[in-house]
1. Look through Asp226, Asp199, Asp185 and report the one residue that is under 16 Å from Gly149 (Cβ atoms), surrounded by fewer than 23 Cβ atoms within 10 Å (Cβ to Cβ) and in the same structural domain as Asp120 (by TED's automatic domain parsing).
2. Test Glu466 against the stated conditions and say whether it is open to solvent by 20 Å² or more (accessible area, probe 1.4 Å) and at pLDDT below 50.
3. Considering the stretch 25-43 alone, what residues qualify as being free of Cβ contacts under 8 Å to residues at least 12 places away in the same chain and closer than 21 Å to Ser93 by Cα?
4. Among the residues of the stretch 159-182, are any surrounded by 16 or more Cβ atoms within 10 Å (Cβ to Cβ), in contact with a Ser or Thr (Cβ under 8 Å, 6 or more places away or on another chain), outside the structural domain of Arg340 (by TED's automatic domain parsing) and not in a loop (DSSP other than H, G, I, E, B)?
5. Among (1) near the ligand (Cβ under 10 Å from one of its atoms); (2) buried (at least 19 other Cβ atoms within 10 Å of the Cβ); (3) not in a helix (DSSP H, G or I), which single condition is Ser361 missing?
6. Taking Ala375, is it part of a strand (DSSP E or B) and out of contact with any Phe, Trp or Tyr (no Cβ under 6 Å at 6 or more places or on another chain)?
7. Mind listing whichever residues of the stretch 405-427 are surrounded by fewer than 23 Cβ atoms within 10 Å (Cβ to Cβ) and within 16 Å of the ligand (Cβ to nearest atom)?
8. Hey, could you check the stretch 99-147 for residues that are of a type in the set (D, E, K, R), in contact (Cβ under 8 Å) with a residue 40 or more places away in the chain and part of a loop (DSSP other than H, G, I, E, B) and say which is surrounded by the most Cβ atoms within 10 Å (Cβ to Cβ)?
Amino acid sequence: MFLTITTTGTAADPATDLGFLLHKHPGKAQAFATSHGSAHVFYPEATAERCTAALLLEVDPVALVRRGQGKGCGGAPDAALAQYVNDRPYAASSLLAVALGKVFRSALNGRCAARPELVDRVRPLRIEIPALPARGGPELVHRLFDPLGWDLVRPEPVPLDEQFPEWGDSRYVRLVMEGELRLTDALRQLYVLLPVLDDAKHYWVAPDEVDKLLRAGDGWLAAHPDNALITSRYLARHKRLTQSALERLELARLAEADGSEAEELDNAVDETTDTEERPVPLAVRRREAVLAALRSAGAARVLDLGCGQGQLVQELLKDVSFTEIVGVDVSMRALGTAARRLRLERMGEKQAQRVRLLQGSLAYTDKRLAGYDAAVLSEVIEHLDLPRLPALEYAVFGSARPRTVLVTTPNAEYNVRWESLPAGHVRHADHRFEWTRAEFREWAGAVAGRYGYTAQFVPVGDEDPEVGPPTQMAVFTLAAGDTTHTADTDTGTGTDTPKEGEAA
Ligand code: SAH
């Protein structure tokens with residue numbers, strides 16, 4: 001098992017500073033005993049211009065089997081014979097991550113006693129792992145590392161046998177990554193993601209694994225789009241630990257966010273979801289429900305009102321039947337994140353023509369929002385003070401007036417099912433209210449009646465027999481024969497047109 005870390009530099013900013021960061025002198029080769037064999041650290045090259053540190057793990061297969069930790073041992077000594085002949089010791093894997101954690105512990109923790117100022121320096125880094133077991137293949141490698149700031153992520157499949165290409169690829173990839181990152185961030189990503197890719201955690205998953213995961217995931221895991229998969233695989237699909245880790249990640253994220261643009265307990269997992277691959281976070285299921293409703297309404301031009309960080313916009317872009325997608329949010333910060341997520345600036349012309357992000361408040365009518373097929377308000381209404389809600393109702397149903405409006409909101413009854421939520425609390429500090437199913441139906445029915453829509457209700461997430469689904473959705477459809485599809489803000493059909501609801 002082999003991994004190299006290379007950086008480049010100049011005489012003034014020598015690449016050999018890598019030695020300080022790793023706490024390993026570039027002039028020496030060192031060996032460390034680990035529980036699975038010995039780890040060697042050495043520098044194949046070490047000049048001011050270019051410095052490479054190599055970590056080689058020499059696994060002792062006998063020790064591995066004695067510890068009963070190989071895949072498939074399961075405590076049955078005879079079956080364990082396979083451990084002597086399989087490929088595990090020769091590929092980078094969770095064992096390499098363990099060695100990384102041991103040998104480079106200070107670097108991983110962001111400590112550098114000799115040169116503390118180096119820790120926060122972003123450096124050009126190149127990571128190379130010649131044989132990385134990757135269940136999920138190159139595609140999963142991209143999904144895991146692409147969002148983490150690397151300029152280049154290149155996983156090349158390794159053929160089973162080079163002489164017989166028709167046999168296809170092995171489960172290994174040769175991975176090269178390049179980018180400008182802090183070394184500590186790169187190491188933390190590897191520490192977590194190598195075992196995730198390997199997907200065969202060799203040691204017993206104890207509760208303190210959650211703490212290790214959260215420590216190593218600090219600063220990148222909470223916001224990672226695949227954090228549910230990462231958490232579940234890292235914790236060997238242990239459901240309770242996964243759930244607990246995801247809830248803690250979400251709470252950490254909410255504490256960091258400025259409140260207005262964070263999602264709720266979204267990444268928490270439905271405990272009843274029992275897919276082999278990964279638990280599906282509620283936020284994902286909500287987007288799926290929204291997409292399904294938009295498709296069945298035949299919507300092509302869609303508004304995402306209160307689009308937040310643009311996750312739904314991103315999903316909509318993947319489906320060409322959505323020809324025009326407009327994300328609207330009051331928060332510039334959220335829109336900035338959305339623009340980065342969508343890579344708006346680097347987007348091809350054709351894609352760019354399909355999408356726009358607008359800043360605006362939904363409490364005011366806005367002529368730019370008129371004439372669309374559908375509008376989505378996903379987890380937005382509960383962020384408005386109740387007295388302001390009629391203004392939003394008028395702006396959306398009275399003025400913008402799309403044929404279809406989808407509204408999702410938490411089902412307050414479900415809150416007793418969130419383990420980490422103290423009784424009587426709302427899911428998110430910025431929620432001004434959370435409704436029961438009955439309250440939501442009453443509100444939606446009244447709004448539909450006032451503006452000439454019909455309303456249907458769809459549960460989102462697994463329905464609990466007592467308290468219902470975690471999220472509730474209303475699908476409003478403009479009543480047949482209503483011809484006021486195009487908005488006219490002056491003659492809004494609403495009876496209680498709020499006067500402050502005029503466009504600024
Ligand atoms: N729709 C996203 C985000 C929900 S969070 C999702 O489903 O994940 C709620 C979002 O509504 C935040 O981004 C917040 O900035 C936005 N928001 C709150 N009040 C708003 C208002 N009056 N006008 C426009 N956006 C608003």
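1. Asp185
2. So Glu466 does not fit the description; no.
3. Answer for the stretch 25-43, where residues must be free of Cβ contacts under 8 Å to residues at least 12 places away in the same chain and closer than 21 Å to Ser93 by Cα: Ala31, Ala33.
4. No, because not a single residue in the stretch 159-182 is surrounded by 16 or more Cβ atoms within 10 Å (Cβ to Cβ), in contact with a Ser or Thr (Cβ under 8 Å, 6 or more places away or on another chain), outside the structural domain of Arg340 (by TED's automatic domain parsing) and not in a loop (DSSP other than H, G, I, E, B).
5. (2)
6. yes
7. Within the stretch 405-427, just Val426 meets the criteria.
8. Across the stretch 99-147, the extreme among qualifying residues is Arg121.
The values are calculated or read from the model by the stated rules, or taken from the named source; none is laboratory data. These numbers come from a predicted model, not from an experiment. Quick reminder, even Gly has a Cβ in these numbers, built from the backbone with ideal geometry, and neighbours come from all protein chains shown. Keep in mind that these areas ignore ligands, DNA and RNA; they rest on the heavy atoms of the full protein, side chains included. Shrake-Rupley method; radii C 1.70, N 1.55, O 1.52, S 1.80 Å.
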